[in-house]
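The values are calculated or read from the model by the stated rules, or taken from the named source; none is laboratory data. Keep in mind that this is a model prediction, so the values were computed, not measured. Here the Cβ positions follow ideal geometry from the backbone for every residue, glycine too, while neighbour counts run over all protein chains shown. Each accessible area value is taken on the protein alone, full model and side chains, heavy atoms only, with ligands, DNA and RNA left out. Shrake-Rupley method; radii C 1.70, N 1.55, O 1.52, S 1.80 Å.
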Amino acid sequence: MSTKPVLAYNDAEKGTLDVRSPQIADLARNDKKAADIDVFPVQSLKKDAPVTPSDVAKPPPAPAKQAKKSVPKWVLWIIWYNSYRRFFTVVFTVNFIGIGFAIAGKWPYAAQYPGALVVGNLNVAVLVRNEIFGRCLYWFVNTFFAKWTPLWFRLGCTSTLQHLGGIHSGCAISGVAWIVLMVVHQFKTKYMFNDSILAFGVITAVMLFVTICAGLPWVRNTHHNVFERNHRFFGWTSLCMTWIYTIVTNAYNTADGKFDHVGEHVVRQQAFWYTVGMSTFIVLPWICTRHAKVDIELPSPKVAVLRFERGMQQGLLARISRSAVKEYHAFGIISEGTHAKYHYLICGVQGDFTKSLVNDPPRRIWTRELKFAGVSNTSTLYKRGIRICTGTGLGAALSTCIQSPYWYLIWIGSDQEKTFGPTISGLIHRHIGPERLLLWDSKTRGGRPPTMKILKEVYEYWQAEVVFITSNYVGNFEIQHGCKEAGIPAFGTLWDF
């Protein structure tokens, strides 16, 4: 699936269900100006004070287009320099300080075990992207820190789990820097090393560098298939080269110029066991790959709804592919719970892969039985929250609101009963009451809503602790920056990985 940003809320595939929420009046008959917007009343939400639809104020009609509001520079900076970049900065800085000491000859460990520093960094880079490790982290945090810990701590947990990619990137780049230093040192003293060691060192460094280039955000977001194929296959090639380079480097005896340090000597080296760990973390998720049965509903030419057997907990994402090993595409999972018979994926028709689901629907598709956790999985940490999404972003949001009565759903889009069909419509009607549901059909209501005005009102009315956002690049930018400026804790879609 192409991840190229979509630049409008009301693009054809970004529809929403035409359901009359009690929070929205019939805007065709309401000519109030945007400045006259009513606010939701703040009220007690204890068990003995239930909220009824009549308690909720009616929000405004669709406003005329407003002049673009400039975002304060401090907001831009705080959101740009997020936990991802902070993690990257720490990992990168620590490693390059170490490299500086190694170059200066002030760190004996780096001179004696350079391979361990190379493979150790790569090991951590792979580990934090491992689905099993990620699910364990989410389980631990959700089990032991839900609801009772201070809000700032829970927000920190969500931010940390969402931005582990900063550690992945920092360790991967640092690992390449260490292997470059190691190979340069070997070439400086090449009279001590066999030519095969030097050759494999260069090949491994080049493979790792190409793998990193294929994973750059620009490549990942604008050329997804290029990223998937090259990052994966060059990554696997790098793993093979790392094994060879690790073995030949540790087996070679510089004293007599022979490969006589074999067997036990190689196994006792740190780099060997780091490579074993890295290989294990890479292989494990692929053991869970299955060619699963899938039923595809095509409510419109713009959307495919995929149905798989088995219910799922909320906040998970699925990777699917036409091929067992080629590019995989991630989609949010919709499910009524682990007890349910099915789970669903909403695939908006944008790239070649999703178009093929409409033009040539498969009966079976490759997927990983072990799903990976997304930011919504931490919704259990919070007492009350808001899930705001646009269009097919509902796929990542709906399960949270179906499975928890403490989450409020705001869905913005265009003509969605027709676009998304009866299956998605039925899930919403059956499980989400009108007191925690706000759906905006921009086609019926004549344009985009005053998103931040509505979000602030719902935030106060619902007494929420956090907002989770799933939208396109522009929508995510506007909402996340608006929330930061308003002092509302919010987590948006990631565009840097």
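From most to least packed by mean Cβ count within 10 Å, the peptides 135-141, 83-89 give 83-89, 135-141.
Quick check on the range 296-446: take the gyration tensor over C-alpha atoms, sort the square-rooted eigenvalues as a ≥ b ≥ c, and tell me if it's rounded (a/c under 1.5), prolate or oblate. Don't jump to the answer; show the numbers that get you there.
Values: a/c = 1.89, a/b = 1.22, b/c = 1.55.
It comes out oblate by the Cα gyration axes.
Report the charge-dipole magnitude of the range 405-463 in Debye, nearest 20, computed about the Cα centre from +1 at each Lys and Arg Cβ and -1 at each Asp and Glu Cβ. Present the calculation step by step, with values, prior to reporting the outcome.
Values: 8 positive and 6 negative charges, 26 e Å.
Roughly 120 debye, rounded to the nearest 20.
Summarising the strand pairing of the chain, around 60 percent of its internal DSSP beta bridges are antiparallel. For the chain, the longest principal axis of the alpha carbon atoms and the long axis of helix 224-251 meet at an angle near 30°.
Please compute the per residue accessible area over the chain with all protein chains in place, 1.4 Å probe, rounded to a whole number of Å². Before the final figure, lay out the partial values.
Details: 22960 Å² over 497 residues.
That works out to 46 Å² for each residue.
Comparing 78, 249, 112 along the charge dipole axis of the chain, the residue lying farthest to the positive side is 78, per the Cβ-charge model. Every Cα-Cα pair in the chain was counted, and those over 46 Å apart are 20% of them.
For the chain, the dipole from Cβ point charges (+1 on Lys and Arg, -1 on Asp and Glu) about the Cα centre works out to 280 debye, to the nearest 20. Just to confirm a number: summing +1 for Lys and Arg and -1 for Asp and Glu over residues other than residue 147 whose beta-carbon lies under 9 angstrom from that of residue 147, what do you get? Taking every Cβ under 9 Å from that of residue 147, the sum is +2. For the range 214-301, the Cβ-based charge dipole about the Cα centre amounts to some 140 debye (Lys, Arg positive; Asp, Glu negative; other atoms uncharged). Each 5 Å bin, from zero up to the one with the longest distance, holds this percent of the alpha carbon pairs of the range 83-284: 1, 7, 13, 17, 18, 15, 11, 8, 5, 2, 1, 1, 0. Relative to the dominant Cα principal axis of the chain, helix 473-486 is inclined by about 80°.
Under the criterion of Cα pairs below 8 Å and six or more residues apart, the relative contact order for the chain equals 24 percent. Farthest toward the positive end of the dipole of the chain, out of 345, 370, 461, is the Cα of 461, where the dipole comes from beta carbon charges about the Cα centre.
Note down the Stokes-Einstein diffusion coefficient of the range 289-373 in µm²/s, whole number, using a Kirkwood radius over alpha carbon pairs, 20 °C, and 1.002 mPa s.
Numbers: Rh = 12.8 Å.
My calculation gives 167 µm²/s for D.
Look at the dipole of the range 83-284 built from charges on Cβ: of 203, 217, 146, the Cα furthest out on the positive end belongs to 146. Report the FRET efficiency, 1/(1 + (r/R0)^6), for residue 135 and residue 267, where r is their Cβ-Cβ distance and R0 is 45 Å, rounded to 0.05. It comes to 0.90.
Rolled with a 1.4 Å probe across the full set of protein chains, the surface gives residue 143 an accessible area near 70 Å².
Radius of gyration over Kirkwood radius for the range 148-246, both on Cα atoms: the Rg/Rh ratio is 1.16.
Shown here are the Rg and Dmax of the Cα trace of the range 375-492, at 13.2, 38 Å. Can you give the angle from 0 to 90° between the axis of helix 83-103 and the longest principal axis of the chain, with both taken from C-alpha atoms, to the nearest 10? The helix 83-103 is inclined about 10 degrees to the chain.
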